[in-house]
Amino acid sequence: MPESQTESEIQHFDNSDPLRPYKDRFVIDDPSIIYLDGNSLGRLPKSTIDVLNKSVRDEWGCDLIDSWNKSWYTKSLEIGDTIAKIIGAEEGEVIVADSTSVNLFKLAHAALNYQSDRSIILTDEFNFPSDLYIFQGLIREKFSDLKIEYLRSEDGVSISSEEIKSKITDQVALVSLSHVTFKSAFMYDMEEVTKMAHEQGALVLWDLSHSVGAVPIDVSTSEVDCAVGCTYKYLNGGPGAPAFLYVRKNLQDQLSSPISGWFGANDPFDFNLDFEPATGIQQFLSGTPPILSMGAIKPGAEMILEAGIDAIRKKSILLSERFIHGVTEYLLEYGYSISSPLSAEERGSHVSISHKEAGRIIKALMDPSIDGFKIIPDFRRPDNIRFGFAPLYNSFQELEVTIRKLKMICENGLYEQYDDTMPEVT
Ligand SMILES: *Cc1c(COP(=O)(O)O)cnc(C)c1O
């Protein structure tokens, strides 16, 4: 493996890939790096460098404080409107601010206040820990009568519709889930779950961090109440780029932000002593936004729109299916197993595999002395390796190299040369 026939098949996949030209629009200095971690930190679009240069040199360097009126003050909304197009929201329904965790705090707080006669926050055991910590903190600090209930998985990979149905009761105030879960890549049916929640009078708050820019999302059609998401994964907005939040238009003025800072006030430059919230989505801003890193979001988000989310999803499925096929065909006998849903409909854009030596296998994957390639996936302790497929810059060829290396590492016991200590950030 790969046989010559497979080789030409791969060529064919790459040659007929309509998104192939996009790879050239990213900074790829070292072609021996195979980057399969775009679900944690997306690559740098070349155009982002120019945007940032301009922002630093011209806007900050030359125009100084005038830049607030020229372009900075409206940037949170403007980039929010760009992201709105990616998630099927309308203008004025999305704004860029803070981190995903802080936005989740603001919106969960607002929704729980609104639903004060109910007692349950419903989430799942797959949710990103930060999301769970935020709910736990809200209960500790403010909503002490509420408790968290968790949807449970039977197979560690997906959550059944029956489980969801049985836990969404008329006591649930808020259903808050990651649309695509970070470990197994299980993807909820957003429309169906939102409908179930609404039938019981609950609000929904989706975390789109692992789905935005990778799978089609339509918050309007799905009648989603609230959502948050981060911009540095498939949107390629850069490390620590601020996150976004969405609130459906006719709910905006019924919810209120718990962080009533001046940027969320009606007229911040009135310097009024008493807070009066802005109308619309703007009230969910808190303080001065990080202008430089916020500016870095736009080129990546626009590239997603230009390529088209349907084309992106189509390639993502092809890549994932080929990868799963490769694992099934060549790797199961070496102790690997697949920890993601096998059906594309239930899967986001990454695939998790498990192996009891995962920690050491990753080190071998990243070691170019084995085959000339440094393959970067993502590791989740203790045994989980995640491969994120970013259709704008990953190729079919890269997958084949990865499968071949995963096989080689176990076939020849190559991982035994590495220890299993891990760096602080994995
Ligand atoms: C990446 C991610 C986050 C990140 O949260 P920050 O507060 O922006 O660091 C939150 N939730 C989910 C589901 C994520 O995947």
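The values are calculated or read from the model by the stated rules, or taken from the named source; none is laboratory data. Worth saying up front: this structure is predicted, and the values here are computed from it rather than measured. A quick note on method: Cβ atoms are made from the backbone with ideal geometry, for glycine too, and the neighbour counts reach across all protein chains shown. The accessibility values were calculated without ligands, DNA or RNA, using every heavy atom of the protein model including side chains. Shrake-Rupley method; radii C 1.70, N 1.55, O 1.52, S 1.80 Å.
Assorted remarks:
- Applying a threshold of 7 Å to beta carbon distances and a minimum spacing of six or more residues, or different chains, the list of pairs starting in the stretch 310-321 at a residue that is farther than 10 Å from ASN394 by Cβ and ending at one that is open to solvent by 30 Å² or more (accessible area, probe 1.4 Å) and not in a helix (DSSP H, G or I) reads ASP310/PRO216; ALA311/PRO18; ARG313/PRO216.
- Residue within the stretch 113-123 that is open to solvent by 10 Å² or more (accessible area, probe 1.4 Å) and within 11 Å of the ligand (Cβ to nearest atom) present: no
- Hits in the stretch 97-112 (condition: near the ligand (Cβ under 9 Å from one of its atoms) and open to solvent by 10 Å² or more (accessible area, probe 1.4 Å)): ASP98, SER99, THR100, SER101, VAL102
- Residue pairs whose Cβ atoms lie under 6 Å apart, separated by 6 or more positions or on different chains, with the first residue in the stretch 112-130 and among the β-branched types (Val, Ile, Thr) and the second within 15 Å of the ligand (Cβ to nearest atom) and part of a helix (DSSP H, G or I), are ILE121/PHE135.
- Some residue of the stretch 126-143 being more than 16 Å from the ligand (Cβ to nearest atom) and open to solvent by less than 50 Å² (accessible area, probe 1.4 Å): yes
- Any hit, the stretch 49-58, residues being under 30 Å from ASP371 (Cβ atoms) and of a type in the set (Val, Ile, Thr): no
- Identification of helices (runs of 4 or more DSSP H) wholly contained in the stretch 338-416 with 2 or more residues that are open to solvent by less than 40 Å² (accessible area, probe 1.4 Å) and modelled with pLDDT of 95 or more yields 358-365, 396-411.
- Single residue of the stretch 193-214 satisfying the filter (away from the ligand (no atom under 12 Å from the Cβ), in a loop (DSSP other than H, G, I, E, B) and more than 22 Å from GLY92 (Cα to Cα)) that is most open to solvent (accessible area, probe 1.4 Å): GLN200
- Taking the criterion of being farther than 25 Å from LYS106 by Cβ and more than 20 Å from the chain's Cα centre (by Cα), the only residue of the stretch 196-216 that qualifies is GLU199.
- Hits in the stretch 32-62 (condition: exposed (fewer than 15 other Cβ atoms within 10 Å of the Cβ), in contact with a helix residue (DSSP H, G or I) (Cβ under 9 Å, 6 or more places away or on another chain), more than 15 Å from ILE304 (Cα to Cα) and not β-branched (Val, Ile, Thr)): SER32, ASP50, LYS54, ASP58
- Residue in the stretch 139-156 that is in a strand (DSSP E or B) and among the β-branched types (Val, Ile, Thr) present: yes
- Filter pass, LYS183 being open to solvent by 10 Å² or more (accessible area, probe 1.4 Å), within 16 Å of the ligand (Cβ to nearest atom) and either touching a strand residue (DSSP E or B) at 6+ places or on another chain (Cβ under 9 Å) or at pLDDT 95 or above (or both): yes
- Verdict on LEU305 being open to solvent by 50 Å² or more (accessible area, probe 1.4 Å) and farther than 28 Å from LYS85 by Cα: no
- Pairs linking a residue in the stretch 98-111 that is in contact (Cβ under 8 Å) with a residue 12 or more places away in the chain and more than 12 Å from SER176 (Cβ to Cβ) to a residue that is assigned to a helix (DSSP H, G or I) and more than 7 Å from the ligand (Cβ to nearest atom), with Cβ atoms under 7 Å and 6 or more positions apart or on different chains, are SER101/ILE134; LYS106/PHE284.
- Leading residue by the ranking (farthest from ILE259 (Cα to Cα)) among those in the stretch 275-289 that are small (Gly, Ala, Ser) and surrounded by 15 or more Cβ atoms within 10 Å (Cβ to Cβ): GLY280
- Hey, LEU245 in contact with a helix residue (DSSP H, G or I) (Cβ under 7 Å, 6 or more places away or on another chain), open to solvent by less than 40 Å² (accessible area, probe 1.4 Å) and assigned to a strand (DSSP E or B) or not: yes
- Note on the stretch 1-50: residues that are touching a residue at least 40 places away in the same chain (Cβ under 8 Å) and within 23 Å of the chain's Cα centre (by Cα) total 22.
- Some residue of the stretch 160-179 being farther than 18 Å from ARG380 by Cβ, within 16 Å of the ligand (Cβ to nearest atom) and open to solvent by 50 Å² or more (accessible area, probe 1.4 Å): no
- Subset tally (residues that are within 16 Å of the ligand (Cβ to nearest atom) and surrounded by fewer than 17 Cβ atoms within 10 Å (Cβ to Cβ)) for the stretch 63-96: 0
- Among the residues listed as GLY80, GLY88, the single one being touching a Phe, Trp or Tyr at 6+ places or on another chain (Cβ under 7 Å) and under 26 Å from ILE309 (Cα atoms): GLY80
- Selection count where residues are polar (S, T, N, Q) and not in a helix (DSSP H, G or I), scope the stretch 41-99: 2
Quick grid of which residues meet (1) among the hydroxyl-bearing types (Ser, Thr, Tyr); (2) within 13 Å of the ligand (Cβ to nearest atom); (3) touching a Pro at 6+ places or on another chain (Cβ under 8 Å); (4) within 30 Å of PRO377 (Cβ to Cβ):
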{"site": "THR221", "(1), (2), (3), (4)": "yes, no, no, no"}
{"site": "GLY229", "(1), (2), (3), (4)": "no, yes, no, yes"}
{"site": "GLY261", "(1), (2), (3), (4)": "no, no, no, no"}
{"site": "PHE269", "(1), (2), (3), (4)": "no, no, no, no"}
{"site": "SER286", "(1), (2), (3), (4)": "yes, no, no, no"}
